[in-house]
Amino acid sequence: MKINSIIRVAAVVAVTLGLGSCNIYKKYQTPESTALTKAYKEARQAPVDSAAFGNLLWEDVFTDPMLADLINRALVNNKDLRNAKLNVDIAHAQLKGARLSYLPSIALGPNGAGASYAGSKLSWTYQLPAQASWEIDIFGKILNSKRGAQAQLYQSEAYAQAVRSQIIAGVANTYYAIASVNSRLAISRSTAESWHESVEVMKNLKLSGRVTEAAVVQSTANYYSILASITDLETTLDQLNNTMSLLLNEMPQNWNITSDLSFKAPEIVRTGVPMAELAARPDVAAAEQSLAVAYYATNSARAAFYPGLTIMANGGFTNLLGSFIKNPGDWFYQLAGSLTMPLFARGQNIARLEATKAQQKQAMNNFEYALLNAAAEVSDALTVYENSARKEQLLVEQVANLEKSVEYTQDLLKYSTGTYLEVLTAQQSLLSAQMNYIASRLAQAQAFINLYQSLGGGR
């Protein structure tokens, strides 16, 4: 039977059996079943706003030279990012394998043998056969496998971008956290010196009868409390340095980050979260591609109900014809086709289809949750960023007034019109306000970083 004849027979079968299989060939489309996914699809089709905050290059966002150098080193050396890139390479290879499934497979099997009977002359037989097998993709088994591999590639690329964005944000957050702890340490150590002087002042005032032993003891306890807090800060600093080392894939070391937490932040004024910015997030893209993978897995499960057509060809050169040996040998060829129908695996195919449908629904739920979670993260980051900026200004005023309060109470104590409790209270309040101010600066910096990451930044 010629190849054209085999294909014509298969076409008739395909028309007969494939009337209800049209969905098998459909390409994945972003669902519009809910208002959320419909808005997402429209946002994906809209032109990209290159000026949007999340679309800015990270080099244009983080301009601190030391921070930029650390980010570059992390992007080169970080193991998680390397593994994410390797996952992309794996997906590329799998897609290549899926595309090659369309081509026939060819195998060569040369062989030879010698035989002698009752002392006769040794007779040699030989074969140089070649076998080709080609599966005709009538019902989309190979097609859906290839499309699923393509979706997995897109998913791995989105995941790699998400890891890249996470690393950039992680380095920036750790950088400013180290700077914050160093600032707190500087203030704590300066305050410790001041409080040690206060202890000496209290001792002198006790000798003159101005204060009691209780004042000396309480002032001393106050001094030791800040020394204890310094040890906690030093522990935190060591942990943050180790975190930075891990992000950069380097041995633990002291990074000597003494930034004043200053950064140039763009003016961000908005009343809501545009869907276009959510759609640009790599984790949202990865969630959608996971849905596409599940969609093609369902199509593959449907395709398993329909027959498969395979065309086989054998040919080569041999001197063995039946039971006779012919020298010299001659060429031979054989052509065949097989049509297989899954009659006794219907129950298994039904179970597989039900499972893939359920997995597709799960992927849809995860996709919608990814959109909602993205909106919540952006909203939270915006709120923290805006409130921390306002809080910073209030804390600046608080610190300035408490510095004056400490000076006033110390002067009053010297002239016998104040008490040591007023001095201690003013000192503790000033230290607390200074720490709150630094914490507010860090919160603002990290909210700025988290906002950039939540908008899909880090390209």
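So the values come out like this:
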quantity	calculated
Set 377, 407: member being in a helix (DSSP H, G or I), among the charged types (D, E, K, R) and crowded, with 18+ Cβ neighbours inside 10 Å	377
Residue check for residue 398: in a helix (DSSP H, G or I), surrounded by 13 or more Cβ atoms within 10 Å (Cβ to Cβ) and modelled with pLDDT under 85	yes
Members of segment 192-210 that are among the hydrophobic types (A, V, I, L, M, F, W, C) and within 60 Å of the chain's Cα centre (by Cα)	192, 195, 199, 201, 202
Members of segment 156-173 that are of a type outside the set (A, V, I, L, M) and within 30 Å of residue 93 (Cα to Cα)	156, 157, 159, 161, 164, 165, 166
Looking only at segment 70-113, and only at residues there that are free of Cβ contacts under 8 Å to residues at least 40 places away in the same chain and among the small types (Gly, Ala, Ser), the one that is nearest to residue 309 (Cα to Cα)	105
Extreme residue, modelled with the highest pLDDT, among residues of segment 87-113 that are in contact with a Ser or Thr (Cβ under 7 Å, 6 or more places away or on another chain) and in a strand (DSSP E or B)	105
Selection status of residue 407, among the acidic types (Asp, Glu) and within 30 Å of residue 213 (Cβ to Cβ)	yes
Test result for residue 260, at pLDDT 90 or above, at negative phi, surrounded by fewer than 17 Cβ atoms within 10 Å (Cβ to Cβ) and not aliphatic (A, V, I, L, M)	no
Test: residue in segment 183-204 that is buried (at least 21 other Cβ atoms within 10 Å of the Cβ) and touching a Gly at 6+ places or on another chain (Cβ under 9 Å)	no
Residue 140 vs. criteria crowded, with 18+ Cβ neighbours inside 10 Å and at positive phi	yes
Residue 162, sole failed condition from (1) farther than 30 Å from residue 244 by Cβ; (2) at pLDDT 85 or above; (3) buried (at least 17 other Cβ atoms within 10 Å of the Cβ)	(1)
The listed residue being part of a helix (DSSP H, G or I) and modelled with pLDDT under 85, out of 156, 183, 198	198
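The rows are residues; the columns are (1) under 26 Å from the mean Cα position of the chain (by Cα); (2) basic (Lys, Arg); (3) within 30 Å of residue 179 (Cβ to Cβ).
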site	(1), (2), (3)
364	yes, no, no
375	yes, no, no
378	yes, no, yes
398	no, no, yes
427	no, no, yes
447	yes, no, yes
459	yes, yes, yes
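The values are calculated or read from the model by the stated rules, or taken from the named source; none is laboratory data. Because the structure is predicted, anything quoted here is derived from the model rather than measured. FYI the Cβ positions are ideal-geometry reconstructions off the backbone, even for glycines, and counts take in every protein chain you see.
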